[in-house]
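The values are calculated or read from the model by the stated rules, or taken from the named source; none is laboratory data. If you're wondering where the values come from, they're calculated on a predicted model, not measured in any experiment. Cβ placement follows ideal geometry from the backbone for every residue including glycine, while neighbour counts extend to all protein chains displayed. Quick note on the areas: whole protein, heavy atoms, side chains included, nothing else; ligands and nucleic acids left out. Shrake-Rupley method; radii C 1.70, N 1.55, O 1.52, S 1.80 Å.
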Amino acid sequence: MISLRNISYTHPDKTLLFSHLSLNINQHDKIALIGNNGSGKSTLLRIMTGDLLPSDGELFNDAPPYYIPQVFGQFNHLTIAQALQIEDKITALKEILEGNVTENNLSILSDDWTIEDRCIESLKYWQLEDMPLTRKLETLSGGQKAKVFLAGIHIHQPEIVLMDEPSNHMDTVARQLLYDFIRSTSVSMVVVSHDRKMLNLLDKVVELGKPGIKVYGGNYEFYVAQKQIEDNALKQDVASREKTLRKALEKEQETMERQQKLDSRGKKKQEKAGIPTIMLNTFKNNAEKSTAKIRGIHAGRVDGLTQELITLKKSLPAPDMIKFGFNDSPIHKGKILFSANSINFGYTDHQLWAENLSFQIISGERIALKGVNGSGKTTLIRIILGDLEPQTGRVYWAKHQTVYIDQDYKLINNQLNIYEQATQFNTSALQEYEIKTRLNRFLFTAGDWDKPCSTLSGGEKMRLMLCCLTIQTHTPDIILLDEPTNNLDVQNIGILTAALNEYQGTLLVVSHDEYFLSQIKIEREILLN
């Protein structure tokens, strides 16, 4: 259906994104396209649609794909009908039914007499049944916009669908509709997503990375298992090279010490034998040349092994390279940090929650805050943070330190560079080299330290935020995360998961990503109705 042959793409600034990619997408294929942020997944989808031309290579399409983008802001000025490119057909059908049977209207409709019925059916399936086609997209939420474009699949009935992070702005109910659709449809699809529950519904994983494209013939869990086998082999290779390097260094040391002893012994013998000074200098020069030659041979071997080891370590998965080192929270487990007694809030006369909320947050707990879009999760977060007072009921805050990490990582100051940002959290008077060592642990090398925070991706900001938390004197007692996986790729979700599993304090997480919540060992839920 779609065939890519040696596709390459270079950015307008001449930066090469990827090269010589080849991939076949066949009928009924359900493919997960994954890769780190910046690897070119979205660009590759747009090449498949024909919106972008590759710098090199060939693209073959049997049928035009239907594309659901990740960002919808460019459609805000359009109505639903205009965004779905069905306005002319709907208008032509209405005019024909009103008796205006012109050649032009018949040509526009092109015998698509069920277009209006399909619109009604599809919008109803995606829970948009009361949404008129004339409504502007700028009035819709992110989740509703995604559902509008998903509705377009049944309306247009394409043979292949390309989706870029379709569940990003969806609540749990909408995600379940999407999962059910993927299970039941026979349409071919390529999906870019970090939603691992969705990825497990797809029957093939295509990984896009520096080496190019690698295809795994199974769902995401199969891919993870295969990657684990590959990673274990890589770790064994690293351990073997480290052992070889240690032996080479020991051998170098032993050889040099033995040579120095031989040189010293030879010099004493020569002095006792009364050899003339000129001959002694000759012997000394020869000994020094011999020692330098031996040192050069060993140094060359050590350098070679060191470079091989560096190259291998760069291939290690990021979670295995990062060292978190969180301190324990000083608050003992089981202490009440926050309690709410019959609280409620309303921005008008209408109360947010059908029933007043009563709950406690206990030190050491792992809690998920759940609710559909519009259920008041953000409001409750602001109450827990102390930014809002409830309009009814009472709250209690124990003395504790809370860090709130939203999905845009607003704690990161975009006016600073990476090193300056790290120093903002240096409340324990760490030396400069210690801060830079911490940055290195979180994959920020010397070449990154002067990089402005404004240029960082979501995954990079997340790593920098975690690094900052390890720099400050005390690890926070509560970490509150709001949709933390929304802007992260699969690799960075893995890094975040590993960090949160090492953290021993209290965790409160707002997320619709059930797979992520299970991985960070959530113990209970606060459900908003």
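The residues of region 56-93 that are in a loop (DSSP other than H, G, I, E, B) and surrounded by 15 or more Cβ atoms within 10 Å (Cβ to Cβ), listed by number, are P65, P69, Q70, F72, L78, L84, I86. Tallying residues that are open to solvent by less than 40 Å² (accessible area, probe 1.4 Å), among the charged types (D, E, K, R) and in contact with a strand residue (DSSP E or B) (Cβ under 9 Å, 6 or more places away or on another chain) within region 450-477 yields 1. Checked against (1) in a loop (DSSP other than H, G, I, E, B); (2) open to solvent by 50 Å² or more (accessible area, probe 1.4 Å), T485 passes all but condition (2). The residue of region 27-48 that is modelled with the lowest pLDDT, among those that are touching a helix residue (DSSP H, G or I) at 6+ places or on another chain (Cβ under 8 Å) and assigned to a loop (DSSP other than H, G, I, E, B), is N37.
Could you count how many residues in region 124-146 are open to solvent by 10 Å² or more (accessible area, probe 1.4 Å) and not in a helix (DSSP H, G or I)? First the steps, then the outcome.
The initial filter retains those residues of region 124-146 that are open to solvent by 10 Å² or more (accessible area, probe 1.4 Å), namely 124-125, 127, 129-136, 138-142, 144-145.
Filter once more, so that each one left must be not in a helix (DSSP H, G or I): 127, 129-136, 140-141.
Number satisfying all stated conditions: 11.
Looking at the structure I just gave you, is E365 among the acidic types (D, E) and crowded, with 18+ Cβ neighbours inside 10 Å? Here the answer is yes, as E365 does meet what is asked.
For the residues G99, G35, the requirement of being touching a Leu at 6+ places or on another chain (Cβ under 6 Å), among the small types (G, A, S) and either open to solvent by 70 Å² or more (accessible area, probe 1.4 Å) or on the phi > 0 side of the Ramachandran plot (or both) singles out G35. So in region 369-410, with the set limited to residues that are assigned to a loop (DSSP other than H, G, I, E, B) and open to solvent by 80 Å² or more (accessible area, probe 1.4 Å), which one is nearest to A354 (Cα to Cα)? Checked region 369-410; the qualifying residue nearest to A354 (Cα to Cα) is Q391.
So for region 114-123 (the condition being more than 23 Å from the chain's Cα centre (by Cα) and outside any helix (DSSP H, G or I)), does at least one residue qualify? Working first, answer last.
At the first step, the residues of region 114-123 found to be more than 23 Å from the chain's Cα centre (by Cα) are 114-123.
Adding the requirement that they be outside any helix (DSSP H, G or I) leaves 114.
The answer is yes; a qualifying residue exists.
Give the residue, chosen from R438, R524, R463, that is in contact with a Ser or Thr (Cβ under 7 Å, 6 or more places away or on another chain) and among the basic types (K, R). Even if it seems obvious, please write down each step before you answer.
Working: R524 fails: in contact with a Ser or Thr (Cβ under 7 Å, 6 or more places away or on another chain); R463 fails: in contact with a Ser or Thr (Cβ under 7 Å, 6 or more places away or on another chain).
The unique qualifying residue is R438.
Within region 411-431, the residues that satisfy the criterion of being touching a residue at least 40 places away in the same chain (Cβ under 8 Å) and part of a loop (DSSP other than H, G, I, E, B) are L411, I412, N413, N414, F425, N426, T427, S428, L430. I need a count of the residues in region 494-529 that are part of a helix (DSSP H, G or I) and open to solvent by 40 Å² or more (accessible area, probe 1.4 Å). Total meeting the criteria: 6.
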